[in-house]
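Undergrad: Encoded as structure tokens, here's the structure I'll be asking about.
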Amino acid sequence: MEGREGIAPLDAGASGVESHDPAPTRDDARLDAAHRGSARWHRGAVTAQAFLRDALRDVVGPNARAHGFAGSAPTWRRSTAAGDWAVVNVQSSSFSSADRLHCVVNMAVAPEPWLRWSRQRLGEAMPKFVNESLGLYRDRLHPTGTPPGVDGWWEVTDRQSAVAAASDVVTQLEASGWPVLERLLVPGGMLDQVRKGDLGAKKHANLGVFFARAEALLVMDQGLGEELEANLHYALEQCTPAQRENALRFDQWVREQALRCS
């Protein structure tokens, strides 16, 4: 269902995976300065961005298509008949130069009820396309060997390093990317994930109200019932005073959606 695109967070400030670039080191700055000086004399040289683009096209693209994803570097998408979307994006650091860049893999899933609520909230301001930053589930993949809790990025400086990075991206997608996204696109998969309290970068332990609202959205099309009522009650009672007005609007809208299915 190609027309069902775009999204916004349920709560302001709950954006999920933060797109922090790797902080440049002093050596990075010296190298980049030297590279920029050299580039003035080599305007026709192939850039790190071009090396990465070609490697993503030739290595990651076929792998993405084999898993039902469409698109081109650096973003691939897959949708379901129900209107759910999965997105994989290779993000390049804003600190990158023509000679040297860092990149990381962001992935997300945006279920249709989440998109529907966002469309209600934003109206004409709704983004045209579903991108990674708009997902309910959001997570990030890092280079092989990155320690847990470390936001590691791939480095690309030439064709060889670009191909190596793209090949490792495929390795990580096969291990921890495609299986997760495919499971979340199966009917009931996202609801199970919410009930486990794990939405990638978001965890229930710190975002109880967010998870209650997410579960309410995912069950509202089953009509009014105890499960929906429990989540709406929790979300309304546990929200902060500053969130109260938005919480009431959310509660009313979800109940209206549920009544249509009862």
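Undergrad: Across bins of 5 angstrom width beginning at 0, how are the C-alpha pair distances of segment 207-261 distributed, in whole percent?
TA: Reading the bins upward from 0: 4, 24, 35, 24, 10, 3, 0.
Undergrad: Determine, for each peptide in 181-187, 71-77, the mean count of other beta carbons within 10 angstrom over its residues, then list the peptides with the highest first. It would help to have the intermediate numbers written out before the result.
TA: Numbers: 181-187: 16.7, 71-77: 18.4.
The most tightly packed comes first, giving 71-77, 181-187.
Undergrad: Normalising by the residue count of segment 111-262, find the relative contact order in percent from Cα pairs under 8 Å and 6+ residues apart.
TA: 19 percent
Undergrad: Based on the mean of other beta carbon atoms within 10 Å per residue, what is the order of 63-70, 115-122, 48-55, 83-90, most packed first? Working shown, then result.
TA: On the way: 63-70: 16.5, 115-122: 18.2, 48-55: 19.9, 83-90: 23.8.
The most tightly packed comes first, giving 83-90, 48-55, 115-122, 63-70.
Computed from the coordinates by the stated procedures, all read-outs in this text should not be read as laboratory data. Nothing here was measured: the structure is a model prediction, and the numbers come from that model. Because the Cβ atoms are built from the backbone with ideal geometry, glycine has one as well, and the counts that use them run over all protein chains shown.
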